[in-house]
Each structure stands twice: as C-alpha cells, then as structure tokens.
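Written below as structure tokens is the structure these notes are about.
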Amino acid sequence: MRFLIAIISLLASTPAFSANIAIALTDDLVRVDTSFDGARLVLFGAVTGIENPETLIDIVSVVRGPDATFNIRHVEKRNLIWMPGNAQEIESAPGLYLTTSTKRLTDIAPLPDQATYRLGADFLDIQTIPLEEPDTALYANDRATIFKNAFLSEFEDRGLYLETVGGVEFKKSGLFTINVDLPATTPVGDYDVSVYLYRNGELLARDTAQLAVNKVGMERRIYELAHNRPVSYGVFCVTISLLAGWFAAFAFRK
C-alpha cells in the first residue's frame, strides 16, 4: 500500500512536459592577431518540450571571460592640481561580461536567480580591496560600492560589460540563434557561455558551452614569453630597444 502511494505521489509531481535547451557555438576558438578588430560569436540552440516557444518562453545568454585583477584610483583635487588618489584593487571581475536576452533581465528572472546565477553585471561577485588608507573623508561610507560602480561604468563605456535586449532570433521548430559581438579589446583566455530557459519567471533548463580566445602567430609567442618567462621577456625588450636606438643613431649619422 505504501509503495502504491509513493508511485501515485511521484506521478503527480512529475510535470506533463520536460522542457530542455541545448546550445553550441559555430566556432569555439577566436584567434587574435595584430589585425584583430573584434569578432562575431554565433550561438545557436534548440528548445524542446514546449510548443511555440517563441511566444511562451524567455532566453538569457551570458558570455563571461576569465577573471582578472584591476587597480582603480579616484582623481582628487589637491590645492590647484588634480592628482590620482590611493589605489583600490578590484578582484574576481571578469575581463568581459556580455548578456543577451529576449527581454530585460529584471523582467525574466526573479532576484534570487539573478543573484545565484550572476545574471547582470550588478550581481557579479566583485571584490574591492583597499591597497592604501584613504587620504580623504570621501570614502568614509560605502567605499567599496563607490569603486565597484566606477569600475562597472568604465567597463560598460569600453564595451566589455554590455546587456543586449532582444538579441535572440527564433527559427522554426524551437531553433534559435544569438549573435554576440566581441570588441577589439576582448581579453585572451577561457570563456564560459551559459544559456538559461525561463517561463513566467521560472527557470526550466540551462546549458553551457566553452569558448577560447587565444593569440596566434608572433603575438602568441610574445604573449607566452611575457607570461611564462618574464625575465627573458624583459631582456628581449631591452635588447630590441638598444638595437633600435643604435640603428636610429647610425641612420642619422649618415
């Protein structure tokens, strides 16, 4: 009898449909060279388990670049001169963060989901650490918030943090495509691409893909040398500078 009740309860709790979403990238590698001026990332996917998904569901895609550390300073007026103040370090901030959605994020996902899945730049877990004691009373309160907002504003102006509304194009039979434009300043590294399927504020399914942005050719060799062997890279730069100066002096002597 208990077994029968358990089976009936399980069937009652099973939804009448099983919505799912699957995505893929046309190219999972973006090559960066001296002529790189940006790239278009085409994401395509399929929604199953829902009829007429283009009228019933919402989709959110997130392209997140590798985390990095940044320093930011507030310009302060000292007497008659404007000078940079003490530094604040920004940690755990992605070098690039692009979202694309059928509607505004606040109209798709509830606040708990936005916080859990980091949907929107305001919900990124960015840490602010003072490197020096503040030399003015400007940051007595909400110091971290001031610097975080300044950082977000700067990266939005650079096109590295963007929220695009209406960038999802539906095809037939639940197929869709999303075009994401990567700026010329896209940092190299491994990227996470996530897509979320919502209906009436409820998360039904999600899927992920991986993307790599790498330098190629001579740029890649120089990049690897600078990061893997910084001393050798420094000697190389000094040598190149000395040779360039010698050739310039020789040319002017002629």
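The values are calculated or read from the model by the stated rules, or taken from the named source; none is laboratory data. Here the structure is a predicted model, which is why all the values come from computation and not from measurement. Positions of Cβ are backbone-derived with ideal geometry, glycine not excepted, and every protein chain shown enters the neighbour counts.
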**Asked** Name the pairs whose Cβ atoms lie under 8 Å apart, with the first residue in the stretch 99-128 and of a type in the set (D, E, K, R), the second part of a helix (DSSP H, G or I), and 6 or more positions between them or separate chains?
**Response** D122/L152
**Message:** What's the number of the only condition in (1) modelled with pLDDT of 65 or more; (2) surrounded by 11 or more Cβ atoms within 10 Å (Cβ to Cβ); (3) in a helix (DSSP H, G or I) that A205 fails to meet?
**Reply:** (3)
**Prompt:** Does any residue of the stretch 186-198 turn out to be closer than 20 Å to R118 by Cβ and in contact with a helix residue (DSSP H, G or I) (Cβ under 7 Å, 6 or more places away or on another chain)?
**Reply:** yes
**Request:** Might you let me know whether the stretch 186-197 holds any residue that is on the phi > 0 side of the Ramachandran plot and in a strand (DSSP E or B)?
**Result:** yes
